[in-house]
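Here is the structure we will look at, set down as structure tokens.
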Amino acid sequence: MQKYLIIAVCAMVFGAYFFGARIAREKCAADGTNAQTNEIINNVNMVRVANEKTVHTGVRDIRDILRRKYTIAE
């Protein structure tokens, strides 16, 4: 009877170890994915800030700016 109890306790310890390792791997993968997503969002925001005038100007405004700066003779 005592052997079975020791075997059961050992099996529970090993099972907990392997399930804990699997959960840790999944959390690590999720953290990596979240970090990558945040990096992409930051890059998009940096580009948006850098090109803010272009993002907020319509096609008509751009045409007017180009007409004022350049003529057909140029």
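The values are calculated or read from the model by the stated rules, or taken from the named source; none is laboratory data. Quick caveat, the model's predicted, so the values are computed rather than measured. Every residue, glycine as well, gets a Cβ built from its backbone with ideal geometry; the counts of neighbours run over all protein chains shown. Surface areas here come from the heavy atoms of the whole protein model, side chains and all, with no ligands, DNA or RNA. Shrake-Rupley method; radii C 1.70, N 1.55, O 1.52, S 1.80 Å.
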Inset, instruction - Sort through GLU39, GLU52 and tell me the only one that's open to solvent by 100 Å² or more (accessible area, probe 1.4 Å), out of contact with any Lys or Arg (no Cβ under 8 Å at 6 or more places or on another chain) and among the acidic types (Asp, Glu). - result: GLU39
Legend entry - Conditions (1) modelled with pLDDT of 80 or more; (2) open to solvent by less than 80 Å² (accessible area, probe 1.4 Å); number of the one not met by TYR70: (2)
